[in-house]
C-alpha cells in the first residue's frame, strides 16, 4: 500500500502549482488555524504547512492514508505543526467559528456540495477563507449557493481537462505501466478505470477552485 500512496503522491504533486495559484490572494503573514477536510495522504496539507504560518488539522476517514501522512509528517519533523484525526467532517466538533482557513480538495464531491459546505462554513471564522476544489459540474448553481450562504467568491481558478491529463493522469498512467508486481498493480484498478474513462470522454474531468470568504 505504501508503494501505491507513494506513486500517487508523486503524480499528485503535478497539480500543486494550481493550489498555489488559487491561494495567492490569501494573506500568508498571520498565524492561523487551518482545517483540511478529507486530507487523504496530505499532499495539499503539507503544501499548506510549507506556505502558511500556524497549525493544520487534517481529517479523513481512511486510516491507511492517514498513517502514510503521519509518516511523512514525522519524516519532516512537522508534528508540532500538523495533527491528523481519523474522523468525518460531520462527526468533528471543534466548535463554531474555530478555523481561519478550511481546505476541501475534492471532499465536497464526497459529502455532497451543499451539505459539506454548510458544515464547513459553520466552523469558519467570519472573514476566513474556504478553499474548495471541486468538479466543474453545476458551476453556476454552486456560485449562487455560495453567495446565498453569507459568503462571497473572492476568486476562482478553472482547470480544464487537458490540465488533468498533462499534469496528472498521463504521469500516473506512465508510472502504473512501469509496475511489474501484480499485487501492487491491482491496487491501482480504480485509477486505471479513471484513466480509461478519461480517454473515452475527458469533458467531465474539469474542475474549479473556489476561494470563498465568509462575510
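Every number here is computed from the coordinates shown, using simple stated rules; none is lab data. Since the structure is predicted, the reported quantities are computational estimates derived from the model, not experimental observations. Every residue, glycine among them, receives a Cβ derived from its backbone with ideal geometry; neighbour counts consider all protein chains shown.
Within the range 74-100, the only residue that satisfies the criterion of being buried (at least 21 other Cβ atoms within 10 Å of the Cβ) and out of contact with any helix residue (DSSP H, G or I) (no Cβ under 8 Å at 6 or more places or on another chain) is 99. The sole residue among 160, 134, 138 that is farther than 25 Å from residue 20 by Cβ and under 20 Å from the mean Cα position of the chain (by Cα) is 138.
Looking only at residues in the range 121-142 that are in contact (Cβ under 8 Å) with a residue 60 or more places away in the chain and in a helix (DSSP H, G or I), the one that is surrounded by the fewest Cβ atoms within 10 Å (Cβ to Cβ) is 139. Within the set 168, 158, the sole residue that is touching a residue at least 24 places away in the same chain (Cβ under 8 Å) and part of a helix (DSSP H, G or I) turns out to be 168. Just one of the listed residues (59, 7, 16) is closer than 22 Å to residue 113 by Cβ and surrounded by 14 or more Cβ atoms within 10 Å (Cβ to Cβ), and it is 59. Entry remark, the range 171-193: residues being under 19 Å from residue 135 (Cα atoms) and surrounded by fewer than 16 Cβ atoms within 10 Å (Cβ to Cβ) number 2 in total.
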